[in-house]
Amino acid sequence: MPPARELPLADLVARAQALADLGPRQLLGIAGAPGAGKSTLAERIVAEVGPLARLVPMDGFHLAQSELVRLGREGRKGAPDTFDVNGFVSLLRRLRRLEPTSVWAPAFRRDLEEPVAGAIEVPPEVRLVVTEGNYLLLRDDPWEEVRTLVHEIWFLDLDAALRVRRLTARHEAYGKTPEQARAWALGSDEANAARVAGTAGYADLVVRLADPLPG
């Protein structure tokens, strides 16, 4: 992985604002391994940029749990083939071309472990759409089209031990036992992290936060 630049949150907010100012609508992606803090960073940037920004996470395109069971993939939830990537790409195309009416995007509910359709409104006046997810820089077809649709993508790096601790705590918070949580963090999540690490070289910026945000 290319060396990461260590930057404060304020510098990243300023970079996102400068991107938004280019108009008419810009798409910013934040990629990284599970537990790196992508969601928290994306939320902070959208909050700082203000009402003309929206967060549209990739996780809204998780396949439904019933489909993962049918496909025999429930044990690898979060792997690239457990997302509706074509749906995600189609949404990015619509967001990029700035349609005259609102675009509605799905969200992922961790409390339900399910995607929920039509949960995020992106009205025409929005000038910055921030999306975040593990696989924004993946080069496999059809994931590779994401890189062509998103104007700028950052890769967020984080110390591996801290990332695993965050993931374990997250899994416990959503109902796994400590043993189950650690097994998932060190198993499926780490397999995904290894896959994601190899994509950092395709990012516009590889960054570590000078003061890591809570995971």
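Contact map, region 13-31: residues that are surrounded by 20 or more Cβ atoms within 10 Å (Cβ to Cβ) paired with residues that are assigned to a helix (DSSP H, G or I) and of a type in the set (Phe, Trp, Tyr), Cβ distance under 9 Å, separation 6+ or inter-chain. Pairs shown: Ala31/Tyr202. Restricting attention to region 53-89, the residues that are without any contact (Cβ under 8 Å) to a residue 24 or more places away in the chain, over 16 Å from the mean Cα position of the chain (by Cα) and assigned to a helix (DSSP H, G or I) total 7. Among the residues that make up region 170-184, is at least one of them at pLDDT 85 or above and assigned to a helix (DSSP H, G or I)? The answer is yes, given that some residue of region 170-184 is at pLDDT 85 or above and assigned to a helix (DSSP H, G or I). For Glu190, the requirement of being outside any loop (DSSP other than H, G, I, E, B) and of a type outside the set (Lys, Arg) is met. Screening Val116, Val129, Val103, Val150 for residues that are of a type in the set (A, V, I, L, M), surrounded by 14 or more Cβ atoms within 10 Å (Cβ to Cβ) and over 27 Å from Tyr202 (Cα atoms) leaves exactly one candidate, Val103. Would it be correct to say that Ala160 is under 26 Å from Leu137 (Cβ atoms) and either in contact with a Cys (Cβ under 9 Å, 6 or more places away or on another chain) or surrounded by fewer than 14 Cβ atoms within 10 Å (Cβ to Cβ) (or both)? It is false that Ala160 is under 26 Å from Leu137 (Cβ atoms) and either in contact with a Cys (Cβ under 9 Å, 6 or more places away or on another chain) or surrounded by fewer than 14 Cβ atoms within 10 Å (Cβ to Cβ) (or both).
Filtering region 191-209 to residues that are farther than 19 Å from Asp81 by Cα, of a type outside the set (Val, Ile, Thr) and either surrounded by 13 or more Cβ atoms within 10 Å (Cβ to Cβ) or out of contact with any Leu (no Cβ under 9 Å at 6 or more places or on another chain) (or both) leaves Ala200, Tyr202, Ala203, Asp204, Leu205, Arg208, Leu209.
When you scan region 174-190, do you find a residue that is within 22 Å of Leu9 (Cα to Cα) and buried (at least 18 other Cβ atoms within 10 Å of the Cβ), even just one? Within region 174-190, none of the residues are within 22 Å of Leu9 (Cα to Cα) and buried (at least 18 other Cβ atoms within 10 Å of the Cβ).
The values are calculated or read from the model by the stated rules, or taken from the named source; none is laboratory data. Computed from a predicted structure; not experimentally measured. Because the Cβ atoms are built from the backbone with ideal geometry, glycine has one as well, and the counts that use them run over all protein chains shown.
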